[in-house]
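Encoded as structure tokens, the structure appears first; notes follow it.
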Amino acid sequence: MKIAVLGTGMVGQALANRLSSLGHVVTVGTRDPQATLARTEPDGMGRPPYSVWAAERPDIRLATFADAAASAELVVNATSGFGAMPALEQAGAHTLAGKVLIDISNPLDFSKGFPPSLFVKDTDSLGEQIQRAFPDARVVKALNTLTANLMVNPKELGAESTVFIAGNHAEAKASVTDLLHSFGHSDVIDLGDISGARGTEMLLPVWLRLMGTLGTANFNFSIVR
Ligand SMILES: NC(=O)c1ccc[n+]([C@@H]2O[C@H](COP(=O)([O-])OP(=O)(O)OC[C@H]3O[C@@H](n4cnc5c(N)ncnc54)[C@H](OP(=O)(O)O)[C@@H]3O)[C@@H](O)[C@H]2O)c1
């Protein structure tokens with residue numbers, strides 16, 4: 001499948017790499033490809049700049065958000081919480097219409113430092129805001145409750161764990177579930193319509209506290225029933 005991964009951070013890279021290794025044709029989206037490739041500084045997590053990662057993966061093209069989404073059958077939103085809406089606006093409502101849009105973003109506000117607060121919660125969610133702003137896209141909230149590497153390599157934990165999906169379109173959720181199975185996820189819980197994104201986004205304060213307590217991001221939720 002032709003897939004656009006919007007986002008050049010660790011989530012975008014993890015998704016793009018795994019999807020490409022599974023045989024999909026992947027284009028990564030960014031605001032300004034030239035500027036992204038020209039970065040020489042490590043990112044905020046001390047990881048090498050995008051160009052170093054990209055040089056080892058010549059099959060993965062870098063394009064503007066608009067170009068990447070235009071050529072794709074399925075779009076992944078892996079941009080920052082505040083970047084999600086502008087990035088998707090750059091991709092274009094017309095381009096996103098009819099496509100499955102996997103939204104991994106979290107509405108984290110780091111403006112007052114760490115831990116971040118949620119800039120939307122309780123009675124709304126970023127997933128719902130995106131679905132309302134792009135009513136013809138088939139938004140599926142997924143994978144926002146675990147660290148990037150485990151999103152695409154869950155078996156590395158050595159035990160079964162759980163991922164959640166939420167969205168208004170049954171067919172879109174079925175496609176996303178197939179994709180999640182191809183990554184190695186065996187426990188995918190469907191939380192219903194896109195308002196289920198409220199709960200998965202509001203798991204983030206718990207996830208962040210666990211990361212601090214455990215001293216690692218290499219863990220996941222497992223729903224035992
Ligand atoms: N890191 C994790 O393990 C993890 C786990 C679960 C969920 N998430 C969520 O996944 C998303 C991606 O996380 P990340 O750590 O990979 O990267 P990130 O640093 O949160 O986001 C980087 C991406 O956001 C884009 N962006 C930032 N501001 C923008 C703006 N104003 N307009 C348009 N685009 C903008 C950047 O565009 P450029 O390419 O142009 O710079 C870049 O592609 C976040 O929402 C995060 O909360 C992350």
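Please enumerate, by chain and number, the lysines with C-alpha under 18 Å from the C-alpha of K2, excluding those fewer than 8 residues away in the same chain.
Once the sequence-local lysines are set aside, what remains near K2 is K99, K173.
Please tell me the relative contact order of the range 2-214 in percent, rounded to the nearest whole number, where contacts are Cα pairs under 8 Å and at least six residues apart.
18
Excluding residues on the same chain fewer than 8 positions from K121, give the aspartates and glutamates whose Cα lies under 20 Å from its Cα.
Once the sequence-local aspartates and glutamates are set aside, what remains near K121 is D103, D109, D190, D193, E201.
Find how much the distance from D43 to D124 grows on full extension, using 0.36 nm per residue of separation minus their present alpha carbon separation; answer in nm with one decimal.
26.1 nm
How would you rank 4-10, 173-179, highest first, on the average number of other Cβ atoms within 10 Å across their residues? Write down the numbers at each step before the final one.
On the way: 4-10: 25.9, 173-179: 18.9.
The packing order, highest mean first, is 4-10, 173-179.
Which percent, nearest 5, of DSSP beta bridges in the range 2-214 are antiparallel?
Antiparallel bridges: around 15 percent, rounded to the nearest 5.
Rounded to the nearest 0.05, what FRET efficiency do D59 and S80 give with R0 = 30 Å and r taken as the Cβ-Cβ distance? Could you check? Present the calculation step by step, with values, prior to reporting the outcome.
Values: r = 26 Å, r/R0 = 0.85.
Result of the calculation: an efficiency of 0.70.
Give, as a single signed number, the net charge of other residues whose beta carbon lies under 15 Å from the beta carbon of F82, with Lys and Arg counted +1 and Asp and Glu -1.
On the way: positive: R31, K112, K121; negative: E89, D103, D109, E201.
So the environment of F82 carries a net charge of -1.
Report the FRET efficiency, 1/(1 + (r/R0)^6), for M211 and I189, where r is their Cβ-Cβ distance and R0 is 35 Å, rounded to 0.05.
Calculated transfer efficiency: 0.95.
What is the diffusion coefficient of the chain in µm²/s, taking the Kirkwood radius over Cα pairs and the Stokes-Einstein relation at 20 °C with a viscosity of 1.002 mPa s?
122
Quick one: what are the phi-derived ³J(HN,Hα) couplings along the range 177-194, Karplus 6.51/-1.76/1.60 with θ = phi - 60°, whole Hz, x for glycine and proline?
Taking θ as phi minus 60°, the curve returns 4, 4, 5, 5, 4, 5, 7, x, 6, 10, 10, 10, 9, 8, 8, x, 5, 5 Hz for the range 177-194.
Read the figures in this text as sums done on the coordinates, not as results from a lab. This is a predicted model, so every value here is computed, not measured. Counting neighbours? That spans all protein chains shown, and the Cβs are built from the backbone with ideal geometry, glycine included.
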